[in-house]
Amino acid sequence: DTGVSQDPRHKITKRGQNVTFRCDPISEHNRLYWYRQTLGQGPEFLTYFQNEAQLEKSRLLSDRFSAERPKGSFSTLEIQRTEQGDSAMYLCASSLAAMGDGQFFGPGTRLTVL
Amino acid sequence: KNEVEQSPQNLTAQEGEFITINCSYSVGISALHWLQQHPGGGIVSLFMLSSGKKKHGRLIATINIQEKHSSLHITASHPRDSAVYICAVAVRTSGTYKYIFGTGTRLKVLA
């Protein structure tokens with residue numbers, strides 16, 4: 001499978017715990033995006049990387065959230081001290097620099113904070 | 001008011017019906033993306049277009065840049081078309097592109 005993959009697909013955690021999600025983009029894609037989607041809403045932009053550089057962060061990304069893409073390939077999104085409001089689907093997408101290719105989405109990680 | 005508005009929010013159709021989902025936006029865009037999201041969350045790209053019309057199988061997408069409007073049509077709808085259809089516009093910002101998403105149209109096709 002050469003698409004975008006995310007791990008885990010589902011995560012249930014207790015409030016206050018830390019969680020980390022992983023995204024593996026399509027191998028030749030140098031841009032990687034993280035989105036959050038709550039029930040009944042469209043995805044909301046969180047952050048994006050070009051290669052290993054994190055170029056933009058949404059104000060939605062509080063201090064408890066951190067994302068990395070250390071070698072310009074896979075990326076991790078960590079949420080510290082989770083809160084119930086963090087429960088959402090976390091989507092990753094990747095693209096080439098050229099806009100014409102659009103973004104390719106992963107299956108998402110569904111987080112439930114109890 | 002959202003920058004990307006979709007209508008209708010919910011749509012129930014009988015198998016075989018012709019379906020239209022609309023997307024209007026209020027910002028200048030570089031391209032518009034139609035996405036399909038099935039229960040469970042995975043998003044599949046259907047079309048990306050910046051002008052005119054594209055067709056793939058039973059799906060047709062059109063865009064009118066002047067009117068800032070796009071439509072997604074499904075001909076001969078089938079229950080497997082049941083999903084949430086999301087319109088996303090690509091806006092150029094600071095040397096890159098940012099997507100702004102609509103809230104989606106939830107389609108249910110009954111057999």
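Given 25 °C and 0.890 mPa s, how large is the Stokes-Einstein diffusion coefficient of chain B in µm²/s, with Rh as the Kirkwood radius over Cα pairs?
On the way: Rh = 14.1 Å.
So the translational diffusion coefficient is about 174 µm²/s.
Please build a GNM for chain A, connecting alpha carbons under 10 Å apart, and tell me which residue among A:Gln41, A:Gln50, A:Gln103 fluctuates the most.
With Cα springs under 10 Å in chain A, the top fluctuation among A:Gln41, A:Gln50, A:Gln103 is at A:Gln41.
What is region B:1-94's relative contact order, in percent, from Cα pairs under 8 angstrom and six or more apart in sequence? Numbers along the way, then the final one.
Numbers: 179 pairs, mean separation 34.3, N = 94.
That works out to 37 percent.
Please identify every one of the GluC sites (Glu not before Pro) in region A:21-114 that sits in a loop by DSSP and has no more than 16 other beta carbons within 10 Å of its own beta carbon.
Details: sites: A:Glu28, A:Glu44, A:Glu52, A:Glu56, A:Glu68, A:Glu78, A:Glu83; in loops: A:Glu28, A:Glu52, A:Glu83.
Those that pass, being in a loop and sparsely packed, are A:Glu28, A:Glu52, A:Glu83.
Could you compute the FRET efficiency for B:Val27 and B:Arg106, with r as their C-beta to C-beta distance and R0 at 35 Å, rounded to 0.05? If you can, show how the numbers build up before the last one.
On the way: r = 24 Å, r/R0 = 0.69.
With R0 = 35 Å, the Cβ-Cβ based efficiency is 0.90.
Just want to confirm a number: the relative contact order over chain A, from Cα pairs under 8 angstrom separated by 6+ residues, in percent. Let's see the in-between values first.
Values: 288 pairs, mean separation 41.6, N = 114.
With pairs under 8 Å counted, the relative contact order is 37 percent.
Would you work out which of B:Val27, A:Pro25, A:Met89 lies farthest towards the positive end of the dipole of the protein assembly as shown, given +1 charges on the beta-carbon of Lys and Arg and -1 on that of Asp and Glu, about the Cα centre?
A:Met89
Could you give log10 I(q)/I(0) at q = 0.08, 0.12, 0.17 Å⁻¹ for the protein assembly as shown, computed by the Debye formula over C-alpha point scatterers of equal weight, without solvent?
Each listed q maps to, in turn, -0.29, -0.65, -1.24.
About the Cα centre of chain B, how large is the charge dipole given +1 on each Lys and Arg Cβ and -1 on each Asp and Glu Cβ? Please answer in debye to the nearest 20.
Details: 11 positive and 6 negative charges, 47 e Å.
Dipole magnitude for chain B comes out near 220 debye.
Could you work out which residue, out of A:Leu96, A:Leu32, A:Leu60, moves most in a Gaussian network model of chain A, that is, has the largest mean-square fluctuation with Cα springs under 10 Å?
It is A:Leu60.
If you bin every alpha carbon distance in chain A into 5 Å steps from zero, what whole percent lands in each bin?
Final binned percentages: 2, 13, 24, 26, 19, 10, 4, 1, 0.
For chain B, with a Gaussian network of springs between Cα atoms less than 10 Å apart, report the residue from B:His69, B:His56, B:His78 with the top mean-square fluctuation.
Maximum among the listed residues: B:His56.
Per-residue HN-Hα couplings for region B:15-23, Karplus 6.51 cos²θ - 1.76 cosθ + 1.60 at θ = phi - 60°, whole Hz, x for Gly and Pro?
Karplus-based 3J(HN,Hα) across region B:15-23 equals 3, x, 6, 8, 10, 10, 10, 10, 9 Hz.
Quick note: the coordinates plus some simple rules give every number you see, no bench work behind them. All figures in this text were calculated on a predicted structure; none of them were measured in a lab. A quick note on method: Cβ atoms are made from the backbone with ideal geometry, for glycine too, and the neighbour counts reach across all protein chains shown.
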